[in-house]
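Let me begin by presenting the structure, written as C-alpha cells, before commenting on it.
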Amino acid sequence: MELNGKVPPGPISEKWTKYKSSMPLVSPDNKRRLDVIVVGTGLAGGAAAASLGELGYNVKCFTFHDSPRRAHSIAAQGGINAAKNYKNDGDSVHRLFYDTVKGGDYRSREANVHRLAEVSVNIIDQCVAQGVPFAREYSGMLDNRSFGGVQVQRTFYARGQTGQQLLIGAYQALSRQVSNGTVTLYNRHEMLDVVLIDGKARGIIARNLVTGKVERFAAHCVVLATGGYGNVFYLSTNAMNCNVTAAWRAVRRGALMANPCFTQIHPTCIPQYGDYQSKLTLMSESLRNDGRVWVPKKKEDAEAIRQGKKRGIDIPEADRDYYLERRYPAFGNLVPRDVASRAAKVECDKGHGIVPTGLGVYLDFADAIERYGKSKAHSMNLENPSPEKIRELGEKVVEEKYGNLFEMYEKITGEDPYKMPMKIYPAVHYTMGGLWVDYNLETNIPGLFALGECNFSDHGANRLGASALMQGLADGYFVIPYTIGTFLADEIRTPRFSTDAPEFEAAEKAVTDRLQGFLKNNGNQSAESFHRRLGKIMWDYCGMSRNAEGLKKARKMIQELREEFYKDVYVPGSLDEYNPELEKVARVADFIEMGELMCLDALERNESCGGHFREESQTPEGEALRDDANYAFVSAWGWTDTSKEPELHKEPLKFEAIELKTRSYK
Amino acid sequence: MKLTLKVWRQKNAKDKGHFETYQVTANEHMSFLEMLDVLNESLISEKKDPVYFDHDCREGICGTCSMVINGQPHGPMQGTTACQLHMRHFKDGNTITIEPFRAKAFPVVKDLVVDRSAFDRIMQAGGYISVDTGQAVDGNSIPIGKETAAKAFDAAACIGCGACVAACPNASAMLFVSAKVSHLGLLPQGKVEAKRRALNMVHQMDEEGFGMCSNVTACEAECPKEISVDNIARLNREYIGAAFTADEK
Amino acid sequence: MSLTGIFLILFLVVHLAGNLQLLSNDGGQSFNVYADFMANNPLIQFISKGNFFFILLHAVVGTGLWLTNRSARGGQGYAVKVTKATNTNAGFAKNMWFLGVIIFVFIVVHLAQFWFQMKFGEVGADVVMVNYGDGDVKDLYALVAATFTNLPFVIFYVVCMVVIAFHLWHGFQSAFQTIGWNHPKYTPIIAFLGKAYSILIPLGFAIIPIIFYLNHA
C-alpha cells in the first residue's frame, strides 16, 4: 500500500499557515448537519469534542469512565512545553521543533512536529483563558521550568498536577458544549468496533457498561483519542483501565498500526516491590531538575544496601557514582528519558542496584536542599546559618516545588524522601507508536481520525518530557478542528446514516458474538492472570533492551499464550449487566495481539533508536546506534486477519529542515 | 496479615443489598485496592462474582476510586484516596467494613460502584469559563498574583471523587461546587461570569438532590485533596451577592 | 438559618441584659418596671412580633433543612460511620435540629410561664400588681421568684441553657460562614467571640435561677 502522509508543500515554517488558509471549509449551516463521533475524553478527545462542538458540528462523545474528567491525561505531573521564550533563554518555535525531532531520534514526521511547535504557544494562551492555574511568579507572570533533553526553560506547570489542571480545562470546555447541546456525552460507554460503510468510517459499536447493552452509533466520521497501549506490559504507569481496544479494533478493520515497538520507559518511577502489584507510580521528570541520580560505586555497598545492612545516606560522597553526570556531562541528570532509563538498567545489570530486587537506583535531593537552603539563608540575610537551619530552609523550598510528589512517594513507600534519597527505577510510561495518520491526522481509513497518544506522528522513537500534554491539546484544539474539514467538506450532501444499515447490524453481531464467546468459554484462569503473564513476556523480551533471539522467542510465547487464553479464560457474570471482568477480558485479548505485533515490529527494526534499543546495534560505548540508511521510515502494520502474518507498509521519512545527526547528550 | 472484610454487595440500583464477609491474606506493602484485587482473584478462581469497585489511576489523582472504609470515605488516612491507602495502616486480625459512597444523588451501580454523573451535570450548569478555542489573548497579558494563582490552584485540586458528599451528614455537595466556583472566581478570567456560575451550579446541585450545608466540616476532614471549607464561605458570598444583584430574575 | 440566627443571637443579649436586673437588690423594682416597659412600649412590641416571627421562621426553615438533608442522605444508611471533622463542634453541628427541638419546647414552656402571664395573666389569680409610684405594674418578679424556688424548674432551666450553649457553639460561627464572612485574619476572631458568647450568655441566664434558688429556697 502506498502511504501518503499528505504533507503540504513549501518551506517547513510556512506549511501549516498556508495549508490552513487554503483548506476546504464547511459552512456553519452545514456543520449542524454533520455528525462527529469522538471516542475518548482525555486531553486530545476532550479538547477535540469541545472545539468541534464550538464550531457547530453535532458531536457524540464517548468515554468508558464514569466521567470525562477521569481520563488518564489527568495523571500527567510535570508540565507542558511551549515555545513562548518568556525566559529569554533563546527558545523559539524552531528550537522546540528541533529538540522534539532530535529527542525522537529522527523517527517522526518533520512537518507534523513543526506544526506542533507552532501551535504550542496558542495552547498556553487557551488554557490560561480557560482558567488553568499555572504556576506564577511574584510579578504575576507565568513561571517555567526545565525538562529532560532540552537546554531552555519552556515547561509550564501547575505544581505536580499539570495534566489534571489541563484536563479539567478541557473537561470544562466540554461541559460547556454539553450544556449548549452541541455535544452529547456518553459516559460508561466502551467502543468495541468501528463501522465502515463503503470503506469510510461511519460509526461505532459501543457497550453501555452499566446496562451491558451493545449499542450502535452513526456519524459522518469517527475520531479516536483513546490513548496509548502501555498496559500491554501489565505493569506500567498507565491507569488500570488504559487499553488498546479502540485502536486495535480499528486495526482489525483495516487501519494501520505504526511503529508499535516504540515504547517509552520512564526513568523515574517507584520500583516494583511485590508480585501482587497492580501498577507502577511515576515520579515526575521535573524531579531530575534538582535530584541527582546515583548508585554506589562499590558492589559490596550495593549488596549491603539490598540486604538492609546499610542505607543510602551511609555511603560517603566519594563512593557514589553519579553515572548520568559522569557519562553525559552536557545534559547531566536531564538527559532524555530513554537515555536515563537505559543507563539505570546498565548500572543495575552490573550489580549496583539498591533495592532487594536489584532493580533500583537513587534520586537524591540532599545537594538541592543544601543549595536552596544556602540561597534562601542568603536572601534572608542570615549570617553563618547552622547546617540544620540550611536544611530546614532548603526543605521548604523543595517542598514548594515538589511537595505533592514527595508526599505521594512517602505514602507509597513509607519513607521520607526529604531525609532519605528516593529509590527509583524505569517503568513503561508512554507509547510513541499508534495508529498511522497522515498530516490531517486521518488514518488510512477515510473518515477515521486518531489524535493524541493514540496516533504515532509526533514523537518518533522517544518522547521528550512535557510533550504529551502539548501534543494532545495541539491535536484536539488546534489541528483537528481544521483538518477534519478536509474530509467533511465532501460529505455535506451525505445524509445522516441509519444504524439499521446492514453494516451496523453485522458489526453489532460480531461484537456480541465475541463477548458471548468469552462468557461461554468457562475456563479456569482470570483475564488478569493472562495479562500479568503477557506483561512479563513483554518486559523481559521487548522492554528496555531487545535482541532478535529474544523477540522471536517472545512472539512464540505470546502466540502460545493467546491459544491458552482462548481455551482457558474464565469470565464471571453475563453480558447484560455491569461486568468489568468482561470488559477486561476483551481488552486483554486485544493486548495479546498488540503485544505480538510489537515484538514483530521490534524484530523487524534492526537498529537502535530512542526507546527502541536493539542489542545488535550499539556503539562500542553502549550508546544506541541508528541505521538511517535502512530504517529511516515509519513501519505501518496492517493486520485484519490475525490467522495470517501482519503486513508491513513503509512511509519513508524525509528530513528537509533538519539534518540527520547522531543524537548526543554528552 | 489476615483480615476479615465486611463488604457491601448489591447487584444493581434496584437490589436491596447486603453485607458479605470474606477472609483475605494481605501484606503491609499492598495498597488497599491491591488487597481487594487479591480477594477478587480468589473469588474468580472459585468462580464467584468478584467485588466490583471503581478505580483507575491508582495514583490518587483521577478521583475514580470511591469507597467508605470503616466509616470513612477513602479510609482512615488524612488527605489520601483509597488507592493510595496502604495496608501498613491496618493490623493483623482487623475487621474492615467496606461500603459504597452513600447518598441519594449517588445511586449504586453495583457493589461499591456508584453513579456520580450528578457531578457532571453540576459542572455543565456553569463550571467553566465561556471561552471558545482560539479566542485567547497572550497568557501573560493579564498578570495573576502568585498567591491568587496558588489559592485558585488549591481549589482546582478537587478530583471530583465525591468523598465530601459521602462524608457529609447532609450529603451536601457544597465543597465540590464551592471548589469550582472558587477556582474560577478567583481568577480574573473567570470573574466575568462568577455570579451566573454560582447561581446555576447551586441550583443544579439542589436539583440533583444533594443536601444543604450546615457547616459540619466533615467534607474538609475527609477530602483527599484537603480542600478548605473557606471555599464554601466564598461560594456563599458569591451566591448571596449574585442572588441580590443579578440582573436576571 | 444564618440571618434569623444572627437576629436571635442579638435578641439574647438584650434579653439577658434585662434579666440580669432580677439580681439587683431592690426587691424586683427595676425588673418589674423594665418588664412593664417591654410589655407596653409600641416599638418594643413591634420588635417582639418580629422576634416571634424569626423564632418560628428559624424553626420552620431549620426543620425544612433537616428534612431535605435527611432525604439527601438516601434510604440506605452507613453500617459504620465515623464523622471526622475539622470543626471541633461537628457533634453539635450534626445535631442542630435536635438541639433546636429541645430549645423550642423550652421556649414554649418559658413563654407560658412568664410572657403569657405578663401579657394576659389575670390580675389577682395569676399575678399581683405593685406600685412604685408611677402607676401599677404587674409583679413579674414575684412570679419569677416563685418559679425559681421550685427545684425541678431550676434544673429544667439550667439544662436548657446548656442545650442553648451547644446550639450556639456551632450556630454563632456557622452563621458567619453561611453568609460568607470568612477570612484568614478575622475568622479566628469570630470563632473566639462565638465561643465566648455561647458560654457567657447561657451562663448568664442559668445563673439567675440558681441564685434565686440558693437565696430563696
Options A:109, A:176, A:159, A:136: the member that is more than 11 Å from every other protein chain (Cβ to nearest Cβ) and either of a type in the set (D, E, K, R) or surrounded by fewer than 24 Cβ atoms within 10 Å (Cβ to Cβ) (or both): A:109
Verdict on residue B:81 being surrounded by fewer than 24 Cβ atoms within 10 Å (Cβ to Cβ) and over 20 Å from residue A:210 (Cα atoms): no
Residue count, segment A:166-225 (criterion: hydrophobic (A, V, I, L, M, F, W, C) and in a strand (DSSP E or B)): 19
Identify, from the list C:164, C:155, the residue that is among the β-branched types (Val, Ile, Thr), surrounded by fewer than 17 Cβ atoms within 10 Å (Cβ to Cβ) and in a helix (DSSP H, G or I). C:155
Would you confirm whether or not segment C:58-79 contains a residue that is out of contact with any Asp or Glu (no Cβ under 8 Å at 6 or more places or on another chain), basic (Lys, Arg) and either within 13 Å of chain B (Cβ to nearest Cβ) or surrounded by 14 or more Cβ atoms within 10 Å (Cβ to Cβ) (or both)? yes
With touching a helix residue (DSSP H, G or I) at 6+ places or on another chain (Cβ under 7 Å), in contact (Cβ under 8 Å) with a residue 24 or more places away in the chain and part of a loop (DSSP other than H, G, I, E, B) as the only criterion, which of A:425, A:477, A:439 stands out? A:439
Evaluate the following for residue C:18: is it surrounded by fewer than 16 Cβ atoms within 10 Å (Cβ to Cβ), within 14 Å of chain B (Cβ to nearest Cβ), out of contact with any Asp or Glu (no Cβ under 7 Å at 6 or more places or on another chain) and in a helix (DSSP H, G or I)? no
Take the conditions within 20 Å of the chain's Cα centre (by Cα), farther than 28 Å from residue A:294 by Cα and buried (at least 22 other Cβ atoms within 10 Å of the Cβ) and apply them to residue A:434. Does it pass? yes
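Anything in segment A:146-193 that is over 20 Å from residue A:284 (Cβ atoms) and among the hydrophobic types (A, V, I, L, M, F, W, C)? List them, or say none. Don't jump to the end; show me each part of the working.
As a first pass, look at segment A:146-193 and keep what is over 20 Å from residue A:284 (Cβ atoms): A:170-193.
Answer for segment A:146-193, where residues must be over 20 Å from residue A:284 (Cβ atoms) and among the hydrophobic types (A, V, I, L, M, F, W, C): A:170, A:173, A:174, A:178, A:183, A:185, A:191, A:192.
To keep it simple, each residue is scored yes or no on (1) modelled with pLDDT of 95 or more; (2) buried (at least 18 other Cβ atoms within 10 Å of the Cβ); (3) among the hydrophobic types (A, V, I, L, M, F, W, C); (4) within 22 Å of residue C:107 (Cα to Cα).
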| site | (1), (2), (3), (4) |
| --- | --- |
| C:146 | no, no, yes, yes |
| C:159 | yes, no, yes, yes |
| C:173 | no, yes, no, no |
| C:182 | no, yes, no, no |
| C:185 | no, no, no, no |
Residues to consider are A:505, A:453; find the one that is assigned to a helix (DSSP H, G or I), under 18 Å from residue A:108 (Cβ atoms) and away from chain B (no Cβ under 14 Å). A:453
Hey, among the residues in segment B:129-165 that are touching a residue at least 60 places away in the same chain (Cβ under 8 Å) and within 7 Å of chain A (Cβ to nearest Cβ), which one's nearest to residue A:401 (Cα to Cα)? B:157
Could you check how many residues of segment B:69-119 are assigned to a loop (DSSP other than H, G, I, E, B), away from chain C (no Cβ under 14 Å) and of a type in the set (A, V, I, L, M, F, W, C)? 2
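Condition check ((1) in contact (Cβ under 8 Å) with a residue 40 or more places away in the chain; (2) within 12 Å of chain C (Cβ to nearest Cβ); (3) not basic (Lys, Arg)) across all residues:
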{"residue": "B:181", "(1), (2), (3)": "yes, yes, yes"}
{"residue": "B:191", "(1), (2), (3)": "no, no, no"}
{"residue": "B:213", "(1), (2), (3)": "yes, yes, yes"}
{"residue": "B:245", "(1), (2), (3)": "yes, no, yes"}
Count - residues of segment A:58-82 that are part of a loop (DSSP other than H, G, I, E, B), closer than 15 Å to residue A:225 by Cβ and over 17 Å from the mean Cα position of the chain (by Cα): 3
Taking residue A:305 and the conditions (1) more than 21 Å from the chain's Cα centre (by Cα); (2) outside any helix (DSSP H, G or I); (3) of a type in the set (A, V, I, L, M, F, W, C), which numbered condition does it fall short on, given that it satisfies the others? (2)
Could you give every pair whose Cβ atoms fall below 6 Å, whose first residue belongs to segment A:566-588 and is within 15 Å of residue A:189 (Cα to Cα), and whose second residue is assigned to a strand (DSSP E or B) and at pLDDT 95 or above, counting only separations of at least 6 or pairs across chains? A:578/B:109; A:578/B:110
What pairs can you find where one residue is in segment A:323-338 and at positive phi, the other is at pLDDT 95 or above, and their Cβ atoms are less than 8 Å apart, with a gap of 6+ or different chains? A:332/A:324; A:332/A:325
Could you name every one of the helices (runs of 4 or more DSSP H) located completely within segment B:123-202 that has at least 1 residues being surrounded by fewer than 20 Cβ atoms within 10 Å (Cβ to Cβ)? B:146-156, B:188-191
Among the residues of segment B:155-207, how many are of a type outside the set (Lys, Arg) and within 24 Å of residue B:244 (Cα to Cα)? 31
For segment A:508-531, how many residues meet the condition of being within 14 Å of chain B (Cβ to nearest Cβ), touching a residue at least 40 places away in the same chain (Cβ under 8 Å) and either crowded, with 17+ Cβ neighbours inside 10 Å or not in a helix (DSSP H, G or I) (or both)? 11
Here the residues within segment B:23-39 that are out of contact with any helix residue (DSSP H, G or I) (no Cβ under 6 Å at 6 or more places or on another chain) and more than 8 Å from chain A (Cβ to nearest Cβ) are B:23, B:25, B:36, B:39
Of the conditions (1) within 14 Å of chain B (Cβ to nearest Cβ); (2) buried (at least 17 other Cβ atoms within 10 Å of the Cβ), residue C:103 clears all except one; give me its number. (1)
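Restricting attention to segment B:47-62, does a residue exist that is farther than 30 Å from residue A:187 by Cβ, more than 14 Å from chain C (Cβ to nearest Cβ) and either in contact with a Lys or Arg (Cβ under 8 Å, 6 or more places away or on another chain) or among the polar types (S, T, N, Q) (or both)? Lay out the reasoning, then the answer.
Quick first cut of segment B:47-62, residues farther than 30 Å from residue A:187 by Cβ only: B:47.
Subsequent filtering for residues that are more than 14 Å from chain C (Cβ to nearest Cβ) retains B:47.
Those left that are additionally either in contact with a Lys or Arg (Cβ under 8 Å, 6 or more places away or on another chain) or among the polar types (S, T, N, Q) (or both): none.
No, because not a single residue in segment B:47-62 is farther than 30 Å from residue A:187 by Cβ, more than 14 Å from chain C (Cβ to nearest Cβ) and either in contact with a Lys or Arg (Cβ under 8 Å, 6 or more places away or on another chain) or among the polar types (S, T, N, Q) (or both).
Evaluate the following for residue A:597: is it touching a residue at least 24 places away in the same chain (Cβ under 8 Å) and buried (at least 21 other Cβ atoms within 10 Å of the Cβ)?
Numbers: touching a residue at least 24 places away in the same chain (Cβ under 8 Å): yes; buried (at least 21 other Cβ atoms within 10 Å of the Cβ): yes.
Yes: the conditions hold for residue A:597.
The values are calculated or read from the model by the stated rules, or taken from the named source; none is laboratory data. Computed from a predicted model, the values in this text were never measured in an experiment. Note that we place each Cβ from the backbone using ideal geometry, even for glycine, and neighbour counts take in every protein chain shown.
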